[in-house]
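Read the structure below first, then the notes.
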Amino acid sequence: MEQESPAVLIERIAKGDEAAFAALYLSVESRLYRFILSKLNDSFEAADILNETFLEVWKSAGKFQGRSKATTWIFGIAYHKIMDHYRKTKPAQLDDMEHLDPVDESPDQAQVMSATQESNHLRFCLDKLKPAFRAVIELSFFEDLPYREIAEIVNCPEGTVKTRVFHAKEALRHCLSQRMGDAI
Amino acid sequence: MTKQPEELSERELHQLLPFYVNGSLEGEELDAIKAYLAGSEEARQEVAFLEQLRENIKKQPQVNSPGELGLKRLQREISRNETLRSGKGEQASDLARKVQLSARAGVSVWWRNLAVAACLTLVVLGAFSRDVWLGDGGDMHLAGSENTAHIQVTFKPQATEEAIRLLLLETGLTIKEGPSTLGVYRLDAETNAGDETLDGILQRLRSRKDVVETADLE
């Protein structure tokens, strides 16, 4: 049987169709949970935000107007819930959203490439990114989304997305370089 | 205003590289990046780094999502919310039934008496007509001509019926009406309590933030 698109499912959900809700949940849940967990590092909190996100989808399906992709809309809801969570629990981590520590010198390319392959180094460095930066990296490199869609999800200008990805990538490069330096 | 790809600075082109690597660029932007890469060794090195970064981010360990369990949780909550919205008296009688069952299991005579009183109150009130809940302006108010002070309560969506039941028993309250379409319950104190006692009960309700969303004297 042909799988219905998320947009069609949302249309049905708006009419109270629980089967469509289950189908949408099963088609998006795993990706969405990964996205949420990558920013919270707490599986219980991530499960709660996932739950809240889908409850919002259920309640607000009628408001979805199809101006963006359905998955973009759902990721956007999740992103805002994550940021609300940070505002309530870890406001310090949201300070200075556009700033990352300056990168001093240009790290050695071969060293960085090597560190990137080390899963534990990469995870450590990803975890050090502030939530807004981690989000755009995940959306760019795990979800492979265009910058326009990412801008819709995180509700900021397209230029800001590009700048955030640029700074996040530089911070990762620097962190990976340091990790390799420490390991030597 | 959006710039044409041929107007992009080197920095702007550089910032598009991640989206070249993830395959989401198209049209003139893609052509501009291809031209940029053809003429810049630094850009090609950057692409190699980004490709490896992307590949290894995708290789990060899979996470176990809530899956079917998460769906069941959602379905329970949606069903509960729908019931709260449409059930009104149904919920109250269910609660009363549970209170009665609890009394039968009987932890103490005091609890049993209280539970019986709760059931009686609900049965008597069931015969009353309810003509209230939303004013013209959408504000909540309850009809009725009694002089008795009442407490209006809303419960947390995640509060279980068991937790609500226990709290009502502990505080000597019975459900007089509710829930309204906005989930508001109207509660009566078990005894002829004065204002001071009601204030005390109110404080106890408000302190149970895990169960009670709002509690106000009517």
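The values are calculated or read from the model by the stated rules, or taken from the named source; none is laboratory data. Since the structure is predicted, the reported quantities are computational estimates derived from the model, not experimental observations. Cβ coordinates were reconstructed from backbone atoms using ideal geometry, including for glycine residues, and neighbour counts include every protein chain displayed. Ligands, DNA and RNA are stripped out before the accessible areas are found, and what is left, the full protein with its side chains, is counted by its heavy atoms. Shrake-Rupley method; radii C 1.70, N 1.55, O 1.52, S 1.80 Å.
Here are a few things to note about the model shown:
- Residues that are closer than 19 Å to residue A:129 by Cβ and assigned to a loop (DSSP other than H, G, I, E, B) were ranked within the range A:1-50; the one that is farthest from the chain's Cα centre (by Cα) is A:42.
For (1) in contact with a Cys (Cβ under 9 Å, 6 or more places away or on another chain); (2) at pLDDT 90 or above; (3) within 14 Å of another protein chain (Cβ to nearest Cβ); (4) surrounded by 13 or more Cβ atoms within 10 Å (Cβ to Cβ), each residue gets a yes or a no:
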{"residue": "B:4", "(1), (2), (3), (4)": "no, no, no, no"}
{"residue": "B:20", "(1), (2), (3), (4)": "no, yes, yes, yes"}
{"residue": "B:34", "(1), (2), (3), (4)": "no, yes, no, no"}
{"residue": "B:64", "(1), (2), (3), (4)": "no, no, yes, no"}
{"residue": "B:75", "(1), (2), (3), (4)": "no, yes, yes, yes"}
{"residue": "B:86", "(1), (2), (3), (4)": "no, no, yes, no"}
{"residue": "B:89", "(1), (2), (3), (4)": "no, no, no, yes"}
{"residue": "B:103", "(1), (2), (3), (4)": "yes, no, no, yes"}
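- The set of residues in the range A:25-54 that are of a type in the set (A, V, I, L, M), crowded, with 18+ Cβ neighbours inside 10 Å and facing chain B (nearest Cβ under 10 Å) comprises A:32, A:36, A:37, A:46, A:47, A:50.
- Residue among A:152, A:105, A:158 that is modelled with pLDDT of 90 or more, over 14 Å from the mean Cα position of the chain (by Cα) and open to solvent by 40 Å² or more (accessible area, probe 1.4 Å): A:158
- Exclusive hit being within 12 Å of chain B (Cβ to nearest Cβ) and modelled with pLDDT of 90 or more, set A:11, A:18: A:18
- Test for residue A:74: is it within 10 Å of chain B (Cβ to nearest Cβ) and open to solvent by less than 10 Å² (accessible area, probe 1.4 Å): no
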